[in-house]
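Right, one structure below, let's go through it.
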Amino acid sequence: MATVEMLEKAIKDGNLAKLSGIYGRHNFARQPERFLKLLKAHAYNFSGEVYMFSSPGRIEVCGNHTDHNNGKVLAAAVTVDTLAAVTPADNGIITVNSQGYPSFSVDTREVSAPVAKEEGTSLALVKGVVAWFKEHGFKTGGFNASVVSDVAKGAGVSSSSSFELLIAEILNVFYNGGKVDKIQKAIASQYAENKYFGKPSGLMDQSAISLGDICYIDFKNLSAPEIKDFPWPFTDTEIIVVNAGGDHSDLTPNYAAIRREMEEVAAYFGKKVLREVDKARFMDAIPELKNKFSGRAILRSIHYFEENERIDRASAAIEASDEKAFMDIINQSGESSYKLLQNCYPEGDTMQHIPLALAYAKRQKGVLASRVHGGGFAGTILNFVKASEADSFAAAMSALVGEQNIFRLDIRKSGACALEF
């Protein structure tokens, strides 16, 4: 629980230092002002006890477009977040005031089925999370939330999933005594995104944000993924996400085609997803597949099988603190996404924001690895840079894409959670 007065005292006494692990070296200094501004806005609109919740963004470290075919990924929570000041409400109504967006409310006692005109909205995400909780026997209830986010939209750090997990964790803490586990919260959030928001995402984004740290996730069994957490060992390296540009708004068919083409190839073998197909059998069948499927579908399937193998090698490199091996694998993953998966630019795109940003980044001093980040086609690239060269790298990329499109991040240990200070 917090009040403006309590937070002001905590800042004066230096007690926010315990949150440095959540916000990291680049984002911690501005948090006291951010917290105070949010709490004051909340106190203006709502009265009662106030609790603070934080839900991180995420990066996809390796495992590009594998999760939707029950593959493997390496992902990590990072030190940007969706932050909320929240007051419980006993009327069953969730009200969300999110900075920069219209306020909206959801009556948890009467959540409707998905509504087409609400797709793509925060309202749909709240409804979806509430619906999943109710369908699976968990409790729901009302609250008033004031929300601010520095999980930038279009930056490839998963702003929608961060918001979903925020809602799930508030319901978990307020009404379920914290008994909804991290994977259940991730599944609830994915359900909201798939069924209510209208985006056919896999489970990677939500899992990384729910779990925290850097984690290996094997989605062979979607209801019980195999998960392994790792501490990040490469402390002399900075993670810098660069928004290369482009517009995601009309690219959903491009993303959906990757999943569809992989599943069409899997169906040839009588399977639902490529994870159920034996790689050797697939490779032997390529001459036959060529007569039934596009070359692109086959290349994307090759990427899928080889990317899963890279995940295991990358995990081993992290555990062994073998930075060179790890960075080599990240670069290999990026080349595969570019050449086989083919998600660095849409067909007919002559601007080619991502290829240009990658080419420029790879030619900067101190860069250890660069690759397309996340869904691709437009948006961001992920860069691992020697800490000693991070400032000059950020300056060079700022000259190309603008300073506002440079995101210097740290790995965050905790997933979506209530904050104590």
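The values are calculated or read from the model by the stated rules, or taken from the named source; none is laboratory data. Bear in mind the structure is a predicted one, so any value in this text is a computation, not a measurement. Counting neighbours? That spans all protein chains shown, and the Cβs are built from the backbone with ideal geometry, glycine included. Heavy atoms of the whole protein, side chains included, go into the accessibility calculation; ligands, DNA and RNA do not. Shrake-Rupley method; radii C 1.70, N 1.55, O 1.52, S 1.80 Å.
Remarks
- Multiplying the residue separation of Asn45 and Ser321 by 0.36 nm and subtracting their alpha-carbon distance yields 94.4 nm.
- Considering only Leu382, Leu203, Leu340, the mean-square fluctuation computed in a Gaussian network model of the chain, springs between alpha carbons under 10 angstrom, is largest for Leu340.
- The slack in the chain from Trp232 to Arg313, taken as 0.36 nm per residue of separation less the alpha-carbon distance, amounts to 27.6 nm.
- The heavy atoms of Ser47 present about 100 square angstrom of accessible area, all protein chains included, probe 1.4 Å.
- Using the Cβ-Cβ distance between Phe421 and Glu288 with R0 set to 51 Å, the FRET efficiency from 1/(1 + (r/R0)^6) comes to roughly 0.25.
- Set of aspartates and glutamates with alpha-carbon distance to Lys195 below 12 Å, sequence-local pairs under 8 removed: Glu118, Glu119
- With every protein chain in place, the chain: carbon and sulfur % of accessible area (1.4 Å): 51
- A probe of 1.4 angstrom, applied to the heavy atoms of all protein chains, finds Trp232 with accessible area near 50 square angstrom.
- Angle in degrees between helix 159-175 and the longest Cα principal axis of the chain, rounded to the nearest 10: 50
- Prolate/oblate/rounded call for the range 313-421, Cα gyration tensor, a/c under 1.5 rounded: rounded
- Given Lys199/Lys386; Lys339/Lys365; Lys139/Lys271, the pairs whose alpha carbons are separated by over 31 Å: Lys199/Lys386; Lys139/Lys271
- Given +1 at the Cβ of Lys and Arg, -1 at the Cβ of Asp and Glu and no other charges, the dipole of the range 133-269 around its Cα centre is 600 debye to the nearest 20.
- Positive-end residue, the chain charge dipole about Cα centroid, Cβ charges, pick of Ala192, Ser98, Phe293: Phe293
- Charge dipole (Cα centre; +1 on Lys/Arg Cβ, -1 on Asp/Glu Cβ; no other charges) of the chain amounts to roughly 180 debye.
- Of [x] 143; [y] 343; [z] 170, the label for volume of the Cα convex hull per residue in Å³ derived from the coordinates: [x]
- Full extension of the chain between Met1 and Ser392 gives 136.6 nm of extra length, using 0.36 nm per residue less the Cα-Cα distance.
- Cα gyration tensor shape of the range 144-280, rounded if a/c is under 1.5, else prolate or oblate by comparing a/b with b/c: rounded
- Across the options Ala124, Gly270, Tyr175, the greatest Cα extent toward the positive end of the charge dipole of the chain (unit charges at beta carbon of Lys, Arg, Asp, Glu) belongs to Gly270.
- Residues Ser414 and Asn15, FRET efficiency given R0 of 22 Å [Cβ-Cβ distance, rounded to 0.05]: 0.80
- For the chain, the solvent-accessible area with a 1.4 angstrom probe is 42 square angstrom per residue.
- Selection from Tyr360, Asn405, Gly379, by position along the positive dipole direction of the range 326-421 (Cβ): Tyr360
- Selected from Glu319, Glu238, Glu335 as most flexible by GNM, with the chain as the system and alpha-carbon contacts under 10 Å: Glu319
- Cα gyration tensor shape of the range 2-99, rounded if a/c is under 1.5, else prolate or oblate by comparing a/b with b/c: oblate
- Charge dipole (Cα centre; +1 on Lys/Arg Cβ, -1 on Asp/Glu Cβ; no other charges) of the range 254-368 amounts to roughly 260 debye.
- The chain: angle of helix 122-135 to the longest principal axis, Cα-based, in degrees nearest 10: 90
- Counting only heavy atoms of the protein chains and using a 1.4 Å probe, Tyr175 has close to 60 Å² of accessible surface.
- Taking the longest Cα principal axis of the chain as reference, the axis of helix 31-45 is set at about 60 degrees.
- Label point distance in nm, Ala399-Asp181, each placed 7 Å from Cα along Cα→Cβ: 5.2
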